[in-house]
Structure formats: structure tokens, C-alpha cells
1. Asn195 versus (1) in contact (Cβ under 8 Å) with a residue 60 or more places away in the chain; (2) touching an Asp or Glu at 6+ places or on another chain (Cβ under 9 Å); (3) open to solvent by 10 Å² or more (accessible area, probe 1.4 Å): which is the lone unmet condition?
2. So is Tyr201 more than 16 Å from the ligand (Cβ to nearest atom), in contact (Cβ under 8 Å) with a residue 40 or more places away in the chain and assigned to a loop (DSSP other than H, G, I, E, B) or not?
3. Hey, among the residues in region 226-248 that are part of a loop (DSSP other than H, G, I, E, B) and charged (D, E, K, R), which one's nearest to Tyr192 (Cα to Cα)?
4. Restricting attention to region 264-283, report how many residues are over 18 Å from Ser238 (Cα atoms) and either touching a residue at least 12 places away in the same chain (Cβ under 8 Å) or open to solvent by less than 30 Å² (accessible area, probe 1.4 Å) (or both).
5. Give me the residue from region 367-385 that is modelled with pLDDT of 95 or more and of a type outside the set (A, V, I, L, M, F, W, C) and, out of that set, most open to solvent (accessible area, probe 1.4 Å).
6. Which residue, of Phe85, Phe104, is open to solvent by 40 Å² or more (accessible area, probe 1.4 Å), within 21 Å of Asn168 (Cβ to Cβ) and among the aromatic types (Phe, Trp, Tyr)?
7. Mind counting the residues in region 204-232 that are in contact with a helix residue (DSSP H, G or I) (Cβ under 7 Å, 6 or more places away or on another chain) and small (Gly, Ala, Ser)?
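The values are calculated or read from the model by the stated rules, or taken from the named source; none is laboratory data. Nothing here was measured: the structure is a model prediction, and the numbers come from that model. Note that we place each Cβ from the backbone using ideal geometry, even for glycine, and neighbour counts take in every protein chain shown. With ligands, DNA and RNA removed, areas are computed over all heavy atoms of the protein, side chains included. Shrake-Rupley method; radii C 1.70, N 1.55, O 1.52, S 1.80 Å.
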Amino acid sequence: MKENERKPESGVFTGDAYPTVFSTYDLGVARPKNRIVFPPWQLNYANTDGTVSDKLLEFNTALALGGCGIIITGCAVVSEDTVAFDRVMRIDDDRFIPGLRELFNAIEKRGSVPAIQLVHYGRQALSSVTGCELQVPSAIPCPVMSRLDPQYKMKEMTREDIVRMAENFIDAAERAAKAGAKVVEVHAAHGYLLNQFLSPYSNCRTDEYGGSTVNRTRLVADIIKGIRKRLGRDVIVSVRVSGNEFVEGGLTPRHYLEIIPILEEAGMDVLNVSAGVYQSMERMLPPDTLGDAPHVSIASELKRYASVPVCAVGSIFSLATAETILAAGDADFVAMGRAQMADPEIVRKSLEGRETEVRQCIWCNNCAFWATGDPHVFCSVNPAYQKEE
Ligand SMILES: Cc1cc2nc3c(=O)[nH]c(=O)nc-3n(C[C@H](O)[C@H](O)[C@H](O)COP(=O)(O)O)c2cc1C
């Protein structure tokens, strides 16, 4: 019996239906028991001071008990000027370490690999909420957020600002490692600050951080190098990118032919491939009209340029689909967000041959609280996350 297989009460061995899903992967300091990832979700479940709440502990514990291999506890902000939601997790000060330690410990104790994503929202935030000018590579307003905020104000970053920003990410990674995270993910997707630097669509700088692909990739590469220098191989460094921004003049998979080797050279261990920016929001959370697993071909193309393992995401709702993707070699890990929100036990149930008992995501996208106007994430089908009366 494979190490992570359990023998169901019926005595029938069933994990065999998904041999690739239930194979381990040696990532160095962690060896996830299977290839299923919970992708980073900003749930707005933290305490109002940005510390870890009981609700965050419960949410992530349920995922770990459900059998998920790697759990990326949502994004956490790396500096105070980008607290863009009232209940976003924070990691910009040592005072956040004890709560994070409890969170990572709760995950690891139940057999999953604890991970965290580090973010700066850059131009995709509201100055009226952050109370600050938005730090940006170039003063090009986000077409979505600037329209919502009469106080929207950007600050084009100086070289000193950029160096300080890199330090913020590196300090945050160190806090995450001190708290027990095995994976730190640098958020360079979805149009946020580091994606803005990478993209010709939002970076028009003429100094060493703009222009060529090498220059646009410099900040992300410096962050990875800094984390490696500070922490050695004590953490696994993942980078999340939007493999295709789906905007005119933006990043397409071809750009990554040049970007990926730079990130690998800097020390990236895992590439997590998503898609879209705020202007192409439907790609960040693909609706039913895009069909099942619409972005796997993007992950698969980027995997051709990469030597590190690649994670695919987007409307993957069953372990059967995950197995097909992995077995075809289109990705090495599969992230399932809404599917595990709807039923955190989808992995365990599928392993035990109880697929018919899985509570399916109905693709309503009501979990997108920023679009529904809700204060935090709810789920239409999971009774644990219903709207309060
Ligand atoms: C409520 C919510 C919050 C999210 N927050 C983040 C985030 O903080 N960072 C990130 O990279 N992606 C975020 N995403 C995108 C998810 O990581 C994932 O890519 C998306 O849910 C698509 O995967 P799925 O089809 O399996 O749900 C979020 C999605 C949702 C629904």
C-alpha cells in the first residue's frame, strides 16, 4: 500500500484509480503526500488586525483533514501600505509570527504541507481603503480600480522604493519560515505589484527595472535570490504567475520562454500558473462558460520552458480530471480551489472510492466576495460557510 493510502472499511483498495494524484513528490524540505494543492485564497477571514483568526484555523484544518497535499494559506500582505482589505492576513511584522505558527502547525500536524503566499497589491487596490498612495512601477492606473475610487492615487516607485520592496518580501519570507511554512509563494500573478513589473502592459520604466524582459523580471528575481540567500534551502520558493494576462499588450505564454529561466536561475523551486488580471477578471476565476480546466494548456506550455515542477489551476473539479492532467504530463501539481471549498473532503472521499458522496461546486462564483459585495467568502453549497442571517 502506498504511504498515503488508507484502507477503507469495506477492505477495498481504491487509491489506484488516481495513481499519479496519489504519488508523492520530493520538493526538498517537504514531500507532499499527493499532488493536490489548495491555491491561495484571500478569504477575508483574518482578525481585523491581520492576525490569524479561529475561522482561518478551522478553514485550513478542514482542508488538511480532507487530505489536500499542499495548502497555500491565502495571501498575506508584506507591507502596511497595502492592507487593501479589512481582514486580509498580514506578515509585515514579527507580531504576526505566533498566529501563523499556530496555523502552519495545525496544517502540518494533519499531514499536509503548509504554505503561504506573499503579496503587494500595487495598483490593484483602493487608496481610499489603504489610506496610501499605491506603489507602482509606472503611473498607469488600473482601469478597474481607478474607476471605483475618487481618491485613487499612485506613486511611481523610485529605485530606493524597489530595493525596499524586495526587502519587504524577503523579510516576510523569513517570518513565514520562522513560523513553520515549508513553501513561500511570491505572488507575481493577477495584475498585482510584481505582475505589474513583469508585464509590458503595466511597466513602461526606462531604468534597469523596465524595457527588456530581463529588466522587467529583475525585481521578482531579486526577491527570489534574496530569499535563497537569507534562508538557504529551508523553504521551497514558489512563484505564481499569470501565464496569459488576456489583455492587449500583456503577457502571453511565449514571454515565459525568457522569464522562466531567469526565475529558475534565481532559485525558484515551483511555478504556479494562473491567468488573468483585474481587466480580464473572468480568467482569474473562470466561469462555467469557459468550460472545464480552460487554462491547462497554458500551464502545459509554460512547463515546456521549465525544469522545475509546475502547478495548473482553474475549474478542475474532480480527481479524475486532475489525474488526466498529471498523467498526460501537462502539470506536476493540480490546484483545486472552489472544488475544495465546496467539499474539503474531496481528496479523501475520492481516495476511498466515495466520489458519489462529494459535494460538488455549482460554479455560481458567489465565493468571489469582492464582486458580490459580501464581507468575506461564503459558499453556496458548503454548510460550514453559509451567510449568517
Ligand atoms: C475568494 C477567492 C480568493 C482568492 N484569492 C487569491 C489570492 O489571494 N491569491 C491568488 O493568487 N489567487 C487567489 N484566488 C484565485 C485562486 O487561487 C484560484 O486561482 C481560483 O480559485 C481558480 O481555481 P479554481 O477554479 O480551482 O477555484 C482567489 C479566488 C477566490 C475565489
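1. (3)
2. yes
3. Step one: of region 226-248, the residues part of a loop (DSSP other than H, G, I, E, B) are 232-235, 243-248.
If we keep only those that are charged (D, E, K, R) as well, we get 233-234, 245, 248.
Working: Arg233: 27, Asp234: 26, Glu245: 12, Glu248: 17 Å.
Checking each candidate, the answer is Glu245.
4. 7
5. My answer is Pro383.
6. Phe85
7. Number satisfying all stated conditions: 3.
Residue-by-condition table, conditions (1) more than 28 Å from Glu108 (Cβ to Cβ); (2) assigned to a strand (DSSP E or B); (3) among the hydroxyl-bearing types (Ser, Thr, Tyr):
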position: Tyr152; (1), (2), (3): yes, no, yes
position: Ala176; (1), (2), (3): no, no, no
position: Gly191; (1), (2), (3): yes, no, no
position: Leu194; (1), (2), (3): no, no, no
position: Gly211; (1), (2), (3): yes, no, no
position: Val214; (1), (2), (3): yes, no, no
position: Arg218; (1), (2), (3): yes, no, no
